[in-house]
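Nothing in this text is a laboratory measurement; each read-out follows from the coordinates by a stated rule. Small disclaimer: the values here were computed from a predicted structure and weren't measured. Here the Cβ positions follow ideal geometry from the backbone for every residue, glycine too, while neighbour counts run over all protein chains shown.
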Amino acid sequence: MRALMLTGDRHSEVRQVPRPVPAHDEVLVRVTVSAVCGSDLPHYRKSAQDLGHRLHTVPGHEAVGVIAQAAASGDGPAEGTRVIVYQHSGCGDCTFCLSGEPMFCADRRTLGNHRSGADGEYLTAPATGVLPVPADVSDAMAALIACNFGTAYSAFRKSGVAVGDRVAVFGLGPVGCCVVALAAAAGAEVFAVDPIEGRRDLAKTLGAGTVIDPIAQDPVAAVAAVTEGRGPEVIFECSANPAAQTQVMKLARPHGTVVLLGANNSMEIDPGVDVIRKELRVIGSWVFTQPEFPAVLRAARSLPALQHLITDPFPAHRAPEALAAADAGHIGKVLIDWS
Ligand SMILES: [Zn+2]
Ligand SMILES: [Zn+2]
């Protein structure tokens, strides 16, 4: 089958690799659309040496496709069912696996890392790790939901944002933009922060009331100035930029909430000043759980503006350009068409 492979230092290529073979309790999925995630980019930027096993593993963890071969065990969806592949799988037996949270399993395996990933024509997945997609949800929207919108939804639900709250969103890649759409729809006043103009424009389209270029002005001062000098009720950090991570902790108000979604960097905080003496609530949020999926779908349906995040997919033979576009700060979601 054809698959995208990382070769190191921001290079990748499409080449022929063996089609993965499903185990007894796994399905074979023919991928129609995969999507590039911000969390793919730190690996894309690594040298070939630092890529290690990823040099030989199909990357990507956001896949939509059709069941090409049902599980021999009889579990899971039938051949021909359109599905999202849930990015994490586990042992299937522990407390977390049984509650639909395999990302917390001690034996967690993630697409594109511990197992062959989304950016190829086929992948295998546990029969319990594929989520059927309703007919009214397009492949492109399903790919957005498979990671970014699901991630944003789960973080938003944990945050407890209420109508009338002031909400700041740092980082306006697809996850940040989805948070903007959710917060605006919930009746919050949204401040959206990103150095890329096109991303700020997109955030406005999705409901942000105020957009801020953190290069042109200090976002902490700008938001504090219109929130009694004390910051907004809730802040979402979606950029993974260490400077922004420091800024959100400074901007947070007493009794405020900071939700951290941007990973792959370390941040420095002063616990006394930034957290304890503000009685701050700091929440980490990773990905949506499998039981949340029906609510994720309902939320996506209620937000037609999410269509603005969808851009034309790159054809499979141009998949390396998709990674380069994401790396360059593409506006909206980067998709690859494998159909
Ligand atoms: Zn992702
Ligand atoms: Zn488990």
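Below 16 Å, Cα to Cα, which aspartates and glutamates can LYS46 reach? Residues fewer than 8 away in the same chain don't count.
Filter leaves ASP9, GLU13, ASP327.
Return the tail of the calculated pair distribution for the range 187-339, meaning the percent of Cα-Cα pairs more than 21 Å apart.
When every Cα pair of the range 187-339 is considered, 56 percent fall beyond 21 Å.
Just want to confirm a number: the relative contact order over the range 229-336, from Cα pairs under 8 angstrom separated by 6+ residues, in percent.
19
What residues have an amide H closer than 5 Å to that of ALA72, excluding those fewer than 5 places away on the same chain, when H is modeled at 1.01 Å from N in the peptide plane?
Here the answer is GLU26, since their amide H atoms fall under 5 Å of that of ALA72.
If one computes the Cα centroid of the range 292-339 and of the range 23-64, what distance in Å separates the two points?
So the two Cα centres are separated by 16 Å.
For the range 149-284, give the share of DSSP beta bridges that are antiparallel, in percent and rounded to the nearest 5; count only bridges with both residues there.
Once the DSSP bridges in the range 149-284 are tallied, antiparallel ones form about 0 percent.
Would you order ARG301, ARG109, ARG54 from fewest to most other beta-carbon atoms within 10 Å of each residue's own beta-carbon?
Taking fewest neighbouring Cβ atoms as first place, the list is ARG301, ARG109, ARG54.
Give the distance, in whole Å, between the Cα centre of the range 238-269 and the Cα centre of the range 203-221.
The distance from the Cα centre of the range 238-269 to that of the range 203-221 comes to 16 Å.
Scattering from the C-alpha atoms of the range 267-307 alone, worked out with Debye: what is log10 I(q)/I(0) at q = 0.30, 0.32, 0.35 1/Å?
After summing over all Cα pairs, the log10 values are -1.05, -1.10, -1.10.
Quick query: amide H of VAL287 versus all other amide H atoms, modeled in the peptide plane; which residues come in under 5 Å with a sequence gap of 5 or more or a different chain?
When sequence neighbours closer than 5 places are left aside, there are no close amide H contacts.
What is the spread of the Cα atoms of the chain along each of their three principal axes, largest first, in whole Å?
Projected onto the principal axes, the Cα atoms of the chain cover 61, 39, 37 Å.
Check the straight Cα-Cα distances from LYS204 and name the lysines below 26 Å, setting aside those fewer than 8 residues away within the same chain.
LYS158, LYS250, LYS333
Would you please put 248-254, 275-281, 66-72, 32-38 in order of how densely packed they are, using the mean number of other Cβ atoms within 10 angstrom per residue and starting with the highest?
My ranking of the peptides, most packed first, is 32-38, 248-254, 66-72, 275-281.
Just need the relative contact order of the range 149-284 here, percent rounded to a whole number, with Cα pairs under 8 Å and 6+ apart.
22
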